[in-house]
Each structure stands twice: as structure tokens, then as C-alpha cells.
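**Student:** Handing you a structure now.
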Amino acid sequence: MTSPTLRADDVDTNLQRGVEDFAAGDRERTGGAEMTSYYSGSGVGTPNLLGGASALRADLRRERPHDRRDHEQLDRSLLKRARELVATIDNTDIADLPVVLESLDATVTQLWLKAVDASGQHQQVLAALEHAARSAFRAGTVTDGQLSAFREAIIVLGLPTVVSAQAAEVRAAFVTEGFGPMDIMD
Amino acid sequence: MQTTTTSPHRESQVRNGKQVRTVLVDTSLLIELQKTIEEATPVRQALMPFRFKAASSYSRLEYKRAWICRWANIHAYCCQDGVNHIGDVLKRIQKAGRSRWGNRRLMTMLSQLIEFHGMDTSDLPDRVLVARLREHAKRRALAMSETFASELTHVFRGTHCVRAEEPVRERRTGSLDAAIADCRPDNAECRIEDFFIEHRQLFLRIADAVEKLDKPSDELAALAEHVRLADKDPTHLRDNRHCPKIADAIIAIDGHAMDVFAANNPGEWETIADALRKELINPCRPT
């Protein structure tokens with residue numbers, strides 16, 4: 001396996017690539033405007049989980065080179081499917097919502113097949129997403145804020161490199177939207 | 001702005017001539033606030049009228065010991081060599097539980113997690129299931145640590161408990177550091193001794209109230225016993241085998257300036273609130 005090549009200067013490229021991947025899927029529906037606002041952090045009511053390039057540069061500088069070894073990427077087609085399902089929820093009748101949420105839950109679970117060889121931070125983001133997807137499926141409903149958190153987690157999962165601050169932001173966003181860390185306990 | 005004293009909580013009680021009710025939130029309710037939105041909402045609503053919501057930093061220690069450390073334990077089992085299947089994790093917990101921890105709660109937590117995510121019926125490969133379990137346990141430990149104070153306006157630090165303030169850390173290897181180191185009289189860095197001396201009368205009032213009960217619970221009986229021991233020698237509390245025995249009293253006295261106590265374990269808190277002459281509310285079981 002080749003040694004790490006990602007440097008702090010590559011962060012913009014890394015981020016841009018993830019956002020472009022997402023926008024490529026989303027553009028079919030929204031013309032990409034939504035993602036442009038994500039990237040600039042100007043989306044109304046949308047926390048900018050990407051944190052900004054400068055914050056990420058600082059995170060990457062803190063991480064040692066051996067932590068940035070190459071990892072397996074998540075399955076792009078499953079990520080695309082998850083993205084499409086999240087987009088579909090917006091237009092789904094409430095009576096049909098459980099079917100879409102079940103598909104989303106199952107799709108996210110299948111992401112583990114490749115995620116098991118991905119970085120620890122990717123796995124943390126996926127765990128948060130899976131937990132939220134399962135909770136939403138069990139509740140049979142999802143709010144706009146929760147959808148926004150789903151979208152952002154999927155964007156982060158598509159990034160070649162995820163740092164701990166991003167994983168923490170994703171965790172926090174799901175908790176803020178009502179997916180509490182203890183929510184399976186009696 | 002009218003203020004009665006320079007103390008921050010006193011300041012908060014009267015603003016613009018309006019009385020601002022204050023509440024001390026016990027660990028039991030801080031846990032409820034981390035549960036499903038359906039379970040957390042009644043608690044959140046009950047606390048909403050209180051403009052000032054506080055907890056004791058000692059609650060953070062209880063919260064860490066009771067929940068965060070357990071998730072970190074499950075995470076650690078998943079990371080052990082030779083763990084290739086979820087069954088291996090369960091076996092190791094059962095084996096260790098007999099000698100080191102009361103494993104019933106750990107097994108309950110793990111079983112609920114496995115069932116919640118359908119890992120028991122999943123067709124994913126074993127190593128993927130272990131990775132999923134590991135990451136979900138880690139997510140819970142980290143998220144709980146990060147969200148402890150999210151519902152509060154203030155945390156009292158009367159005992160200056162160092163163990164309570166230590167964060168859960170994720171090492172570069174991905175493992176978690178959630179261990180709570182032992183405190184003994186020669187290494188304890190907190191001020192629990194000073195705290196006890198300063199509030200001795202309140203501690204004794206609680207012990208008196210417990211001793212008047214016909215059948216105090218085991219927890220209350222232990223509390224009274226250790227308050228009496230600390231009364232003879234306050235350094236008795238500079239030991240983490242002893243201070244947890246009076247945890248509820250520490251938490252209540254740390255926040256005794258609050259108007260109301262809120263807790264979900266009335267067995268102990270009714271006696272403590274009565275002794276300190278505070279109103280007690282239980283949002284989980286409204287009257």
C-alpha cells in the first residue's frame with residue numbers, strides 16, 4: 001500500500017471533490033444550487049459540517065502522517081443510492097415514508113461491507129448515520145432538520161479523508177436533531 | 001437589574017423584578033435527556049419553566065461511571081485479539097463480568113444494541129458485524145461525553161472533582177480512554193474534604209433524616225454511615241471507594257442554592273430534598 005500523500009494543502013481539493021460528488025447526484029433534482037450553499041456555509045438553517053478549509057487544515061496538521069494511510073473508500077454506488085433516498089423523502093407521501101426509510105436503513109447498513117476497511121473516522125460517521133437511519137425507520141417519520149443531518153453525513157462519508165472534528169460534528173448534529181446517544185435504553 | 005448577591009446563581013434568581021426559578025438536575029434526569037425524543041421531551045418540557053438549570057460536576061462522574069465507561073468497555077472488548085464474532089464479545093463480557101463487574105447491565109446494553117441494529121439476524125460477514133458493534137459502542141461513549149452539559153446553564157464544581165472533569169479521549173489508534181483512575185488520600189487532587197467541612201451541617205442534616213426512616217434503602221443507609229465516618233475524619237472521603245457512597249448528598253448540597261431539585265429516583269431524593277427543605281419534582285412520573 002502506498003504511503004500517505006494527503007497534505008494540508010490538498011484539503012480544498014478533498015472537500016471540493018466530496019461536494020462535487022454530492023452535487024452531481026443532487027444537481028439532477030436541484031440544479032446544484034443547494035450544494036453550492038452547503039459549501040459556502042450559507043444554506044439557511046444548515047450547519048456547515050464541513051467546517052471550512054482552515055479548520056480542516058489545522059486538524060490535518062495535528063494528525064501524524066502515519067494516521068493518514070490509504071484506506072478503502074466506501075461503496076460509491078451505495079452512497080449515491082443513500083443520497084437519492086434522502087432526496088426522495090422530501091417528496092414522499094407520509095403514508096409511503098416507512099418504505100423509503102426502510103430502504104435507507106438497509107442501504108446504510110450495506111455500506112459497512114466496504115466501510116470495515118475504511119478509516120476510523122469514516123466508520124464513526126457511518127455509525128452515527130446508521131443509528132439515525134434505524135431510529136428514523138423505527139419512528140416512521142423524519143423532520144427537515146434530520147434530513148439535513150442525513151445529507152451532511154452522506155457528504156462527509158463521500159470524502160476521501162475524514163478528520164475527527166468532522167466525525168464529532170456529524171455526531172453532534174444527529175444528537176441536536178433528536179437522535180440521542182442513549183435512545184435505545186429503557 | 002436587581003441582584004441580591006454577587007453569586008452567579010443568586011444573580012440569576014431575580015431579573016427585571018421577575019422571579020427566576022432555578023433547578024438542580026440530578027444524574028438520573030440527565031440520562032433521561034439522552035434517550036429517545038419521546039422519552040426526553042417530557043423531561044425537557046418540565047425543565048423549561050426554569051430559566052437556570054444546573055447540575056453538579058459530581059453528576060458527570062456518576063454519568064461517566066454508569067454509562068460512558070460501560071460503552072467504552074464494550075468497545076474495548078470488540079477490539080480485543082481473537083474477537084471475530086459478536087458471540088466472542090458476549091462470551092468475554094460474561095467471563096469478565098463474573099470476576100470484575102456486575103455484568104448484567106453491560107449485557108443488557110449490548111443485547112439492546114445488537115437487537116436495535118438487527119445484528120442478530122444480519123447476513124453481513126462476522127468481521128463487519130464486530131466492526132459495526134465496535135463503532136456503535138464508541139459513538140455512544142463519545143456522544144454521551146460530548147453532550148453531558150448540553151441541556152444545562154451551569155455546572156457546580158464544589159468538590160473540584162478531577163475525575164469528573166477528565167474527558168473521554170480517542171487515541172490515535174482509535175481506542176478510547178475512559179478509565180477513571182483510583183483516588184486515595186495520598187493522590188486525590190479534589191477538594192471534597194473542604195467541601196464536606198464547609199457544608200458539614202447540611203450533610204449531617206441528611207444523615208439525621210435517613211436515620212429517622214424506618215426502613216432506609218441500602219443506598220441511603222450507606223450514605224448515612226459514610227457521612228458519620230466523614231464527620232469523624234473528613235479525609236475518609238478522599239478515596240473513590242467512599243465518596244460515591246454519598247454521591248446523592250454531594251450532588252444535592254453542591255446545588256442546594258437552587259430552588260427546586262429534579263430527580264428520577266425518589267427513593268433517595270425525597271429524603272434528601274426534605275432534609276434540605278427543597279421542593280422535589282420528578283418529570284418522569286408527574287403527580
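**Student:** In this structure, is B:Asp248 of a type in the set (Asp, Glu), touching a Phe, Trp or Tyr at 6+ places or on another chain (Cβ under 8 Å), part of a helix (DSSP H, G or I) and surrounded by fewer than 18 Cβ atoms within 10 Å (Cβ to Cβ)?
**Tutor:** Spelling it out, it is not the case that B:Asp248 is of a type in the set (Asp, Glu), touching a Phe, Trp or Tyr at 6+ places or on another chain (Cβ under 8 Å), part of a helix (DSSP H, G or I) and surrounded by fewer than 18 Cβ atoms within 10 Å (Cβ to Cβ).
**Student:** Among the candidates B:Leu61, B:Leu90, single out the residue that is assigned to a helix (DSSP H, G or I), touching a Pro at 6+ places or on another chain (Cβ under 9 Å) and away from chain A (no Cβ under 14 Å).
**Tutor:** That would be B:Leu61, the only listed residue that is assigned to a helix (DSSP H, G or I), touching a Pro at 6+ places or on another chain (Cβ under 9 Å) and away from chain A (no Cβ under 14 Å).
**Student:** Over 18 Å from the mean Cα position of the chain (by Cα) and over 19 Å from B:His154 (Cα atoms): which single residue out of B:Ala257, B:Ala230 fits that description?
**Tutor:** Selected residue: B:Ala230, the only one of B:Ala257, B:Ala230 that is over 18 Å from the mean Cα position of the chain (by Cα) and over 19 Å from B:His154 (Cα atoms).
**Student:** Shifting gears a bit: Can you pull out the residues in the stretch B:166-194 that are acidic (Asp, Glu) and touching a helix residue (DSSP H, G or I) at 6+ places or on another chain (Cβ under 7 Å)?
**Tutor:** Of everything in the stretch B:166-194, those that are acidic (Asp, Glu) and touching a helix residue (DSSP H, G or I) at 6+ places or on another chain (Cβ under 7 Å) turn out to be B:Glu170, B:Glu189, B:Glu193.
**Student:** Still on this structure, please answer the following. Sort out which residues of the stretch B:174-187 are more than 16 Å from B:Asp239 (Cβ to Cβ) and part of a loop (DSSP other than H, G, I, E, B), and write them in order of number.
**Tutor:** B:Gly174, B:Ser175, B:Ala178, B:Ala179
**Student:** Those residues that are in contact with a Leu (Cβ under 9 Å, 6 or more places away or on another chain) and surrounded by fewer than 19 Cβ atoms within 10 Å (Cβ to Cβ), I need them from the stretch A:101-113; list them, please.
**Tutor:** A:Ser103, A:Gln110, A:Leu113
**Student:** Looking at the stretch B:136-149 only, could you name the residues that are closer than 18 Å to B:Leu30 by Cα and in contact (Cβ under 8 Å) with a residue 60 or more places away in the chain?
**Tutor:** Listed by number, the residues that qualify are B:Arg140, B:Ala141, B:Met144, B:Ser145, B:Thr147, B:Phe148, B:Ala149.
Residues are listed down the side, and each one gets a yes or a no for (1) more than 14 Å from chain B (Cβ to nearest Cβ); (2) of a type in the set (Val, Ile, Thr); (3) in a loop (DSSP other than H, G, I, E, B):
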| position | (1), (2), (3) |
| --- | --- |
| A:Ala82 | yes, no, no |
| A:Val86 | yes, yes, no |
| A:Asn91 | yes, no, yes |
| A:Pro98 | yes, no, no |
| A:Glu102 | no, no, no |
| A:Ala106 | no, no, no |
| A:Lys114 | no, no, no |
| A:Ala118 | no, no, yes |
| A:Gln121 | no, no, no |
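Residue by residue, here is whether (1) in a helix (DSSP H, G or I); (2) more than 12 Å from every other protein chain (Cβ to nearest Cβ); (3) within 30 Å of A:Asp117 (Cβ to Cβ) holds:
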| position | (1), (2), (3) |
| --- | --- |
| B:Lys138 | yes, no, yes |
| B:Ala143 | yes, no, yes |
| B:Glu151 | no, no, no |
| B:His160 | no, yes, no |
| B:Glu189 | no, yes, no |
| B:Asp194 | yes, yes, no |
| B:Ile206 | yes, yes, no |
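**Student:** Would you mind stating whether B:Asp88 is of a type in the set (Asp, Glu) and closer than 22 Å to A:Ser119 by Cβ?
**Tutor:** No.
**Student:** So which of B:Asp186, B:Asp239 is free of Cβ contacts under 8 Å to residues at least 12 places away in the same chain and surrounded by fewer than 20 Cβ atoms within 10 Å (Cβ to Cβ)?
**Tutor:** B:Asp186
**Student:** Taking the condition farther than 27 Å from B:Pro42 by Cα and at pLDDT 90 or above, does B:Thr121 pass?
**Tutor:** When the stated conditions are applied, B:Thr121 does not pass them.
**Student:** Another question, if that's okay. State all residues of the stretch B:106-128 that are assigned to a helix (DSSP H, G or I), touching a residue at least 24 places away in the same chain (Cβ under 8 Å) and more than 8 Å from chain A (Cβ to nearest Cβ); if no residue qualifies, say none.
**Tutor:** Result: B:Leu106, B:Leu110, B:Ile114, B:Asp126.
**Student:** Could you look through the stretch A:131-186, keep only residues that are at the interface with another protein chain (Cβ under 10 Å from one of its Cβ atoms), part of a loop (DSSP other than H, G, I, E, B) and of a type in the set (A, V, I, L, M), and pick out the one that is surrounded by the fewest Cβ atoms within 10 Å (Cβ to Cβ)?
**Tutor:** Restricting to residues being at the interface with another protein chain (Cβ under 10 Å from one of its Cβ atoms), part of a loop (DSSP other than H, G, I, E, B) and of a type in the set (A, V, I, L, M), the top hit is A:Met185.
**Student:** Right, another one. Residue under question is B:Asn84, and the condition is that it be in contact with a helix residue (DSSP H, G or I) (Cβ under 8 Å, 6 or more places away or on another chain), farther than 25 Å from A:Gln121 by Cα, among the polar types (S, T, N, Q) and more than 8 Å from every other protein chain (Cβ to nearest Cβ); does it hold?
**Tutor:** no
**Student:** Among (1) at pLDDT 90 or above; (2) β-branched (Val, Ile, Thr); (3) surrounded by fewer than 23 Cβ atoms within 10 Å (Cβ to Cβ), there is one condition B:Val23 misses while meeting the rest; what is its number?
**Tutor:** With respect to (1) at pLDDT 90 or above; (2) β-branched (Val, Ile, Thr); (3) surrounded by fewer than 23 Cβ atoms within 10 Å (Cβ to Cβ), B:Val23 is out only on (3).
**Student:** Now a separate question. Given the criteria surrounded by 24 or more Cβ atoms within 10 Å (Cβ to Cβ), more than 11 Å from every other protein chain (Cβ to nearest Cβ), more than 30 Å from B:Leu129 (Cα to Cα) and of a type in the set (Gly, Ala, Ser), does B:Ala55 qualify?
**Tutor:** Spelling it out, B:Ala55 is indeed surrounded by 24 or more Cβ atoms within 10 Å (Cβ to Cβ), more than 11 Å from every other protein chain (Cβ to nearest Cβ), more than 30 Å from B:Leu129 (Cα to Cα) and of a type in the set (Gly, Ala, Ser).
**Student:** Being in contact with a Leu (Cβ under 8 Å, 6 or more places away or on another chain) and free of Cβ contacts under 8 Å to residues at least 60 places away in the same chain is the filter; apply it to the stretch B:151-173 and report the residue that is surrounded by the fewest Cβ atoms within 10 Å (Cβ to Cβ).
**Tutor:** B:Arg169
The values are calculated or read from the model by the stated rules, or taken from the named source; none is laboratory data. Only a predicted model underlies this, so the values are computations on that prediction, with no experimental measurement involved. When we count neighbours, we look across all protein chains shown, and the Cβ atoms used for this are built from the backbone with ideal geometry, even at glycine.
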